[in-house]
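What follows draws every value from the coordinates through simple rules; no lab data is involved. Owing to the predicted nature of the structure, the values given are computational and were not obtained by experimental measurement. Neighbour counts run over all protein chains shown; Cβ positions are idealised from the backbone, glycine included.
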Amino acid sequence: MSFSNGNSDDADHERLLGLDQLYFLVAILFVTTVVLGVLFSQKHPNQAEYDQVVADKKVAEDAKKALEERHAALLKQVGLTEKDVKLKQPSILVLSESEGFTFASGHAEIPAVFERALRGKIIPSLAAMVTAKSAKVIEVVGHTDEAPLHGGRGSTLDRDLLKVVNGRGSASTLAAIDNTGLAMARATAVAKVLRSDPRLSNRGVIVRAYSAGQTVLPSGTISPGFPGSNPARRRVELRVRSE
């Protein structure tokens, strides 16, 4: 006859409980692994869309690479480099009425504060661009909004425009009857100041004035028609070109 020790029974019981808990945890881990395996073996509901996006991206990247290689080959063929192409692209400064470059309504004469800003800030920037690009031309392009002109004054552009362009007249004599003429008069007035400054004239830069009237938005797109006053559209663009 044997007698069991109470402490030994308790220890065995605890060991059995520990094994049960371990088996339970292993079972949970196994089930979890199986479930995850099944889930990952299946395609996500949006997998087809994802695969299409990846495929489209690959096509776009391949097309971009092909275009870049073609572009480089063409440049090499004509004896140019990427740097040459970038230099030929114009650098642009925009003098917007919304930023303080303001003309009197309907007029082209440059106010004193405007001219000070031109000579103190804009012309030094233009001179630096001219040097960096070895530029030969500055294009001055006048833009307006679509608000019609009022006042009943006759146009003096046919009479006086070339006088101002050639430095023999004052921009104060320029009067326009429409936005296209007003933009041309303002561009001519700004161009006159640029031509008179030795920081540009001594570099042999040609300054040309143009009018875009009310046709081009600040974004560069053609206006579909936005009647009314808009200071951001009343602007003069300065384009520095290497040729």
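If I ask for residues that are buried (at least 16 other Cβ atoms within 10 Å of the Cβ) and under 20 Å from Q214 (Cα atoms), which ones from the range 131-155 would you list?
Once the filter is applied, which keeps residues that are buried (at least 16 other Cβ atoms within 10 Å of the Cβ) and under 20 Å from Q214 (Cα atoms), the range 131-155 yields E139, V140, V141, G142, H143, T144, D145, E146, A147, L149, S155.
Which members of the range 157-187 meet the condition of being surrounded by fewer than 20 Cβ atoms within 10 Å (Cβ to Cβ), out of contact with any helix residue (DSSP H, G or I) (no Cβ under 6 Å at 6 or more places or on another chain) and either among the acidic types (D, E) or farther than 21 Å from V205 by Cβ (or both)?
D158, R159, K163, S170, S172, I177, D178, T180, listed by residue number.
Hey, can you tell me all the residues within the range 126-139 that are in a helix (DSSP H, G or I) and touching a strand residue (DSSP E or B) at 6+ places or on another chain (Cβ under 9 Å)?
Matches in the range 126-139: L126, M129, V130, A132, K133.
How many of the residues making up the range 150-174 are outside any helix (DSSP H, G or I) and within 22 Å of S196 (Cα to Cα)?
Filtering the range 150-174 for residues outside any helix (DSSP H, G or I) gives 150-156, 166-170, 174.
In the following step, the residues that additionally are within 22 Å of S196 (Cα to Cα) were identified as 166-170, 174.
Number satisfying all stated conditions: 6.
Only one of these conditions is not met by G142: (1) at positive phi; (2) of a type in the set (G, A, S); (3) part of a strand (DSSP E or B). Which number is it?
Here G142 clears every test but (1).
Given the criteria more than 19 Å from R116 (Cα to Cα) and touching a Lys or Arg at 6+ places or on another chain (Cβ under 9 Å), does V236 qualify?
So V236 does not fit the description; no.
Across the range 212-243, what is the total count of residues that are closer than 24 Å to P124 by Cα and assigned to a strand (DSSP E or B)? Steps first, please.
We begin by selecting, within the range 212-243, every residue closer than 24 Å to P124 by Cα; these are 218, 232, 234-243.
From the residues that got through so far, the ones that are assigned to a strand (DSSP E or B) too are 235-241.
Counting residues in the range 212-243 that are closer than 24 Å to P124 by Cα and assigned to a strand (DSSP E or B) gives 7.
Counting just the residues of the range 188-223 that are of a type in the set (A, V, I, L, M) and loosely packed, with under 15 Cβ neighbours inside 10 Å, which one comes out nearest to D178 (Cα to Cα)?
Only one residue fits best here, namely I222.
Just to be sure I understand the filter: pairs with C-beta atoms under 6 Å, separated by 6 or more residues or on different chains, first member in the range 105-118 and at negative phi, second member exposed (fewer than 15 other Cβ atoms within 10 Å of the Cβ) and of a type outside the set (D, E, K, R). Which pairs pass?
E109/S172
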